[in-house]
Amino acid sequence: MKRKNRTVWPFLLSLAFFALICSAKEPRTVITGEKMEIINGGKKVVFTEGARVTKGENVLTARKLVQDKRNNRIDAEGNVKFKTFTEDREPIRGRSDKAYYSPDEGFAKLFSGRPEIVYFTKSSTSPVNLTADEITFYEKKEELHAKGEVEVISSSVTAFAPYAVFAQGQKKMVLTGSDPQPVLIHTEGDKKSTYTADRITFFINRDKVLLEGKVHCVVTAKDEDIKKNDAEKR
């Protein structure tokens with residue numbers, strides 16, 4: 001019997017150590033609020049007044065949070081704000097009217113009220129602003145997907161597209177879609193250049209843009225646009 005115990009104990013200790021490491025790597029999900037209501041026999045919990053869900057450095061706040069205990073999905077409504085960081089400690093801030101968040105899957109979707117994302121990159125003094133009809137975070141893939149009248153504004157360019165994907169690790173944003181094609185507008189001095197292409201890729205840290213597929217460019221002067229707008233108003 002003593003020999004059996006000698007072989008079992010090292011296994012149990014190693015198993016406990018492995019469980020401790022796993023629990024340390026996976027941060028807990030904490031939901032708080034000034035008021036909490038338990039409904040449907042405990043299947044759902046409603047948090048209001050300062051409602052907040054935190055998992056590691058991911059923080060989501062709203063006027064109301066509803067946690068579904070069956071799948072641990074959290075629905076947020078009213079002045080939704082989302083905060084996270086890239087691996088390089090670059091802040092990403094988001095806002096929308098509604099959202100839902102799955103901490104277990106590392107998945108968050110912002111929708112309603114033209115969701116907006118502000119990305120504070122270290123390579124520029126001005127942040128990158130992105131708005132769309134719907135914005136989705138994929139924590140494990142470190143990607144952000146936007147769709148529906150996507151608009152991207154940076155210090156030097158403005159772009160529009162049906163879809164956009166931001167890969168955090170590669171520091172690049174890819175705009176795609178058709179009807180309409182992605183559009184990029186670059187203004188320098190008194191010149192404005194308008195580009196269209198099937199695919200537009202921003203390399204954020206390198207201040208570089210790549211356009212691919214049916215690329216077209218129109219260069220105009222700013223005063224020409226002013227005259228055109230005045231003529232249209234008349």
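The values are calculated or read from the model by the stated rules, or taken from the named source; none is laboratory data. In this text, all values refer to a predicted model and were calculated from it rather than measured experimentally. Ideal geometry is used to build each Cβ from the backbone, glycine not excepted, and the neighbour counts take in all protein chains shown.
Key figures
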{"item": "Boolean, residue 184 is surrounded by fewer than 19 Cβ atoms within 10 Å (Cβ to Cβ), part of a strand (DSSP E or B) and either touching a helix residue (DSSP H, G or I) at 6+ places or on another chain (Cβ under 7 Å) or on the phi < 0 side of the Ramachandran plot (or both)", "result": "no"}
{"item": "Odd one out for residue 48, checked against (1) of a type in the set (Ser, Thr, Tyr); (2) at pLDDT below 95; (3) farther than 19 Å from residue 106 by Cα", "result": "(2)"}
{"item": "Hits in the stretch 114-131 (condition: buried (at least 18 other Cβ atoms within 10 Å of the Cβ) and part of a loop (DSSP other than H, G, I, E, B))", "result": "115, 121, 127"}
{"item": "Pairs where the first residue, in the stretch 88-113, is more than 15 Å from residue 132 (Cβ to Cβ) and the second is among the small types (Gly, Ala, Ser) and outside any loop (DSSP other than H, G, I, E, B), C-beta under 7 Å, 6+ apart", "result": "100/76; 101/76; 101/108"}
{"item": "Filter pass, residue 131 being over 19 Å from residue 89 (Cβ atoms) and of a type outside the set (A, V, I, L, M)", "result": "yes"}
{"item": "Close pairs (6 angstrom Cβ cut-off, 6 or more residues apart or separate chains): surrounded by 15 or more Cβ atoms within 10 Å (Cβ to Cβ) in the stretch 33-55, of a type in the set (Ser, Thr, Tyr) anywhere", "result": "33/48; 52/32; 52/61; 55/29"}
{"item": "Candidate set from the stretch 56-87 (those that are aliphatic (A, V, I, L, M) and over 21 Å from residue 130 (Cα atoms)); member that is surrounded by the fewest Cβ atoms within 10 Å (Cβ to Cβ)", "result": "66"}
{"item": "Top-ranked residue of the stretch 152-165 - restricted to ones that are more than 14 Å from the chain's Cα centre (by Cα) and part of a strand (DSSP E or B), ranked as surrounded by the most Cβ atoms within 10 Å (Cβ to Cβ)", "result": "161"}
{"item": "The listed residue being of a type in the set (Asp, Glu), within 30 Å of residue 192 (Cβ to Cβ) and surrounded by fewer than 16 Cβ atoms within 10 Å (Cβ to Cβ), out of 149, 134, 142", "result": "149"}
{"item": "Residues being basic (Lys, Arg) and within 16 Å of the chain's Cα centre (by Cα) - total across the stretch 166-195", "result": "2"}
{"item": "Candidate set: the stretch 75-104, residues that are among the acidic types (Asp, Glu) and out of contact with any Asp or Glu (no Cβ under 8 Å at 6 or more places or on another chain); chosen: the one farthest from residue 62 (Cα to Cα)", "result": "88"}
{"item": "Complete set of residues in the stretch 69-113 that are in a strand (DSSP E or B), of a type in the set (Lys, Arg) and more than 25 Å from residue 44 (Cα to Cα)", "result": "93"}
{"item": "Pair list, Cβ < 8 Å and 6+ apart or interchain, from the stretch 196-214 residues that are without any contact (Cβ under 8 Å) to a residue 40 or more places away in the chain and in a loop (DSSP other than H, G, I, E, B) to residues that are loosely packed, with under 15 Cβ neighbours inside 10 Å and acidic (Asp, Glu)", "result": "197/212; 198/212"}
